[in-house]
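Beneath this line is the structure, given in structure tokens, with notes to follow.
The values are calculated or read from the model by the stated rules, or taken from the named source; none is laboratory data. Bear in mind the structure is a predicted one, so any value in this text is a computation, not a measurement. All Cβ positions, even for glycine, are placed from backbone atoms using ideal geometry, and neighbour counts span all protein chains on display. SASA here: full protein model, heavy atoms, side chains in, ligands and nucleic acids out. Shrake-Rupley method; radii C 1.70, N 1.55, O 1.52, S 1.80 Å.
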Amino acid sequence: MSSATTGSSDSGPVPETARVSHGGDGPAPSLAVVEAIAELADVDPTELPEEGVVLYDHVDPDALNALVAGRSDGDVDVSLTVAGYDVRVGPDSAVARRARN
């Protein structure tokens, strides 16, 4: 299971952000992105394609992993939009947020 943590706004119980740690014993950065988006979509990560969310339609997962993984210097911060979600991938976690219109 993921190590996702969510935060909700004052307007209701719907989570606005989800954070999933990656690296070490956790998932690869690209899988952390998928798990964070799935948390916000309230679906299993394997069901995201049915929701119209396919990570590799937006970014090369292998390239993302190579860019982020193993960067202990903290000098990495990748931002992208994936199917209506703003995602930030840092040196130790991926954070997904519903895109603002």
Inset, instruction - Please identify the pairs in which a residue from the stretch 56-80 that is closer than 13 Å to Pro91 by Cβ and open to solvent by less than 90 Å² (accessible area, probe 1.4 Å) has its Cβ atom under 8 Å from the Cβ atom of a residue that is basic (Lys, Arg) and at pLDDT 95 or above, counting only partners at least 6 apart or on another chain. - result: Val78/Arg88
Inset, instruction - Return a yes/no flag: does the stretch 29-39 have any residue that is of a type in the set (S, T, N, Q), surrounded by fewer than 21 Cβ atoms within 10 Å (Cβ to Cβ) and either out of contact with any Ser or Thr (no Cβ under 8 Å at 6 or more places or on another chain) or modelled with pLDDT under 95 (or both). - result: no
Legend entry - Extreme residue, surrounded by the fewest Cβ atoms within 10 Å (Cβ to Cβ), among residues of the stretch 83-98 that are farther than 13 Å from Leu64 by Cα and hydrophobic (A, V, I, L, M, F, W, C): Ala83
Inset, instruction - Could you pull out the residue among Gly52, Gly7, Gly12 that is open to solvent by less than 40 Å² (accessible area, probe 1.4 Å), at pLDDT below 95 and farther than 23 Å from Pro91 by Cβ? - result: Gly12
